[in-house]
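The values are calculated or read from the model by the stated rules, or taken from the named source; none is laboratory data. Please read all numbers here as calculations on a predicted model, not as lab measurements. Here the Cβ is made from the backbone with ideal geometry for all residues, glycine too, and neighbour counts use every protein chain on show.
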Amino acid sequence: MKIAITGKGGVGKTTLCAVLARLFVRSGEDVFAIDADPDSNLASALGYRQSALDITPLIRMKELIKERTGASPDSYGKFFRLNPEVSDLPEKYSVNLDGIRLMVLGTIYKGGSGCACPENALLKALINHLFVERDAVVLLDMEAGVEHLGRATATGVDAMIVVVEPGLRSIETALHIRSLAHDIGIKRVTAVGNKVTSDRQKRLIVEHLEGIPVLGFVSQNDALIDADLENRAAFEKNERLVAEVEKIKEQLDRTALSSRPTG
């Protein structure tokens, strides 16, 4: 299963990604958790005991980028390989956290303001490889957009999950992401409501999402603050969180099963 997780900053994308990764490993799956959010926190959410600064994002590996693309990072506008070889990178540049293989990508630069195209070519080729060619569960924790994805990658996306919290700004972001996703061919856009405190908030989220299917809800959870302060994984000592995300995973599994061709 290939899942892209997105949403407005601070809504809880990384927590959802971390707990889903742990649950997929528990069910016997081969799991890659890919941190593609500029505010990289997936390592700590997974319980990485050292400083996350010890993990160098791929986009900052200048020699690797030069080797694979044939261009140095400052060669924007010059020739470089658009489809560099990346099949060996997941094993070489991932950190194994109790069966979850974590990779930190770094920020893809947007066109028009210092776009570092060799870096973009490498990261997009890697994501495409993981989503299209790998027989594994891949969870992509990304910023609120689709910059890390392309039309080729879109064919491998089983679900894009937009995490929303009670509030119109978060919901507006979800609707905008759905539009961007459809533009590149991703049709299965779903949502998860996070930080909810009442049934009324759940109803309002569903009503305002204008038909985006909601996989489930995660309650406001103060235990996550303690986990952060104590440098623990988000899912440690948090049975309620795990149980709520387990229901979301079950819905994901059912959705993926029903979408597979029969005969």
Item to check | Ile34 vs. criteria among the β-branched types (Val, Ile, Thr), more than 19 Å from Val192 (Cβ to Cβ) and touching a Leu at 6+ places or on another chain (Cβ under 9 Å) | outcome: no
Item to check | Single match in Glu250, Glu244, Glu210 (criterion: under 24 Å from Ala144 (Cα atoms) and part of a helix (DSSP H, G or I)) | outcome: Glu244
Checklist entry - Residues in the range 9-36 that are buried (at least 22 other Cβ atoms within 10 Å of the Cβ), outside any helix (DSSP H, G or I) and among the charged types (D, E, K, R): how many? => result 1
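Only one of these is over 13 Å from Ile5 (Cα atoms), charged (D, E, K, R) and touching a strand residue (DSSP E or B) at 6+ places or on another chain (Cβ under 8 Å): Glu172, Glu165, Glu143. Name it.
Numbers: Glu172 fails: touching a strand residue (DSSP E or B) at 6+ places or on another chain (Cβ under 8 Å); Glu143 fails: over 13 Å from Ile5 (Cα atoms).
None of the others qualify; the one that does is Glu165.
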Item to check | the range 122-147 - residue that is under 24 Å from Lys66 (Cα atoms) and in contact with a Lys or Arg (Cβ under 7 Å, 6 or more places away or on another chain) and, of those, surrounded by the most Cβ atoms within 10 Å (Cβ to Cβ) | outcome: Leu122
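If I ask for residues that are in contact with a helix residue (DSSP H, G or I) (Cβ under 9 Å, 6 or more places away or on another chain) and buried (at least 19 other Cβ atoms within 10 Å of the Cβ), which ones from the range 176-195 would you list?
Ala181, Ile186, Val189, Thr190, Ala191, Val192, Gly193, Asn194, Lys195
Yes or no: Asp141 assigned to a loop (DSSP other than H, G, I, E, B), within 23 Å of Met103 (Cα to Cα) and in contact with an Asp or Glu (Cβ under 8 Å, 6 or more places away or on another chain)?
Working: assigned to a loop (DSSP other than H, G, I, E, B): no; within 23 Å of Met103 (Cα to Cα): yes; in contact with an Asp or Glu (Cβ under 8 Å, 6 or more places away or on another chain): yes.
No: the conditions fail for Asp141.
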Checklist entry - Are any of the residues in the range 62-70 modelled with pLDDT under 90, surrounded by fewer than 22 Cβ atoms within 10 Å (Cβ to Cβ) and not in a helix (DSSP H, G or I)? => result yes
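For the range 129-166, give me the residue count where each residue is aliphatic (A, V, I, L, M), more than 21 Å from Ile212 (Cβ to Cβ) and in contact with a Leu (Cβ under 9 Å, 6 or more places away or on another chain). Break it down into steps so the answer makes sense when it comes.
Just the residues of the range 129-166 that are aliphatic (A, V, I, L, M), to begin with: 130, 132, 136-140, 142, 144, 146, 149, 152, 154, 157, 159-164.
Add one more test, that the residue is more than 21 Å from Ile212 (Cβ to Cβ), and what stays is 130, 132, 136-138, 152.
If we keep only those that are in contact with a Leu (Cβ under 9 Å, 6 or more places away or on another chain) as well, we get 130, 136-138.
The qualifying residues number 4.
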Checklist entry - Of all residues in the range 139-159, how many are modelled with pLDDT of 95 or more and over 20 Å from Glu119 (Cβ atoms)? => result 1
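Just checking, does the range 188-203 include any residue being under 24 Å from Leu89 (Cβ atoms), in a helix (DSSP H, G or I) and touching a Phe, Trp or Tyr at 6+ places or on another chain (Cβ under 8 Å)? Can you show your working first?
Let us first name the residues in the range 188-203 that are under 24 Å from Leu89 (Cβ atoms), namely none.
Among the residues of the range 188-203, not one is under 24 Å from Leu89 (Cβ atoms), in a helix (DSSP H, G or I) and touching a Phe, Trp or Tyr at 6+ places or on another chain (Cβ under 8 Å), which makes the answer no.
Can you find, within the range 150-185, the residue that is nearest to Gly12 (Cα to Cα) among those that are of a type in the set (S, T, N, Q) and part of a helix (DSSP H, G or I)? Full working, then the answer.
Step one: filter the range 150-185 for residues of a type in the set (S, T, N, Q), giving 153, 155, 170, 173, 179.
Right, trim to part of a helix (DSSP H, G or I) and you get 153, 170, 173, 179.
Working: Thr153: 24, Ser170: 11, Thr173: 14, Ser179: 21 Å.
For the range 150-185, the residue satisfying everything is Ser170.
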Checklist entry - Which residue pairs have Cβ atoms closer than 6 Å, lie 6 or more positions apart in sequence or on different chains, and pair a first residue in the range 192-214 that is under 12 Å from Gly7 (Cβ atoms) with a second residue that is assigned to a loop (DSSP other than H, G, I, E, B)? => result Asn194/Val11; Asn194/Gly12; Asn194/Glu165; Lys195/Glu165; Lys195/Gln220
Item to check | Answer from Lys124, Lys110 - the residue that is assigned to a helix (DSSP H, G or I), under 30 Å from Ser170 (Cβ atoms) and at pLDDT below 90 | outcome: Lys124
Checklist entry - If you go through the range 161-200, how many residues are closer than 20 Å to Asp253 by Cα, at pLDDT below 95 and not β-branched (Val, Ile, Thr)? => result 2
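Would it be correct to say that Thr255 is of a type in the set (Ser, Thr, Tyr), within 19 Å of Ile5 (Cα to Cα) and surrounded by 17 or more Cβ atoms within 10 Å (Cβ to Cβ)?
Numbers: of a type in the set (Ser, Thr, Tyr): yes; within 19 Å of Ile5 (Cα to Cα): yes; surrounded by 17 or more Cβ atoms within 10 Å (Cβ to Cβ): no.
Considered against the rule, which asks whether it is of a type in the set (Ser, Thr, Tyr), within 19 Å of Ile5 (Cα to Cα) and surrounded by 17 or more Cβ atoms within 10 Å (Cβ to Cβ), Thr255 comes out as no.
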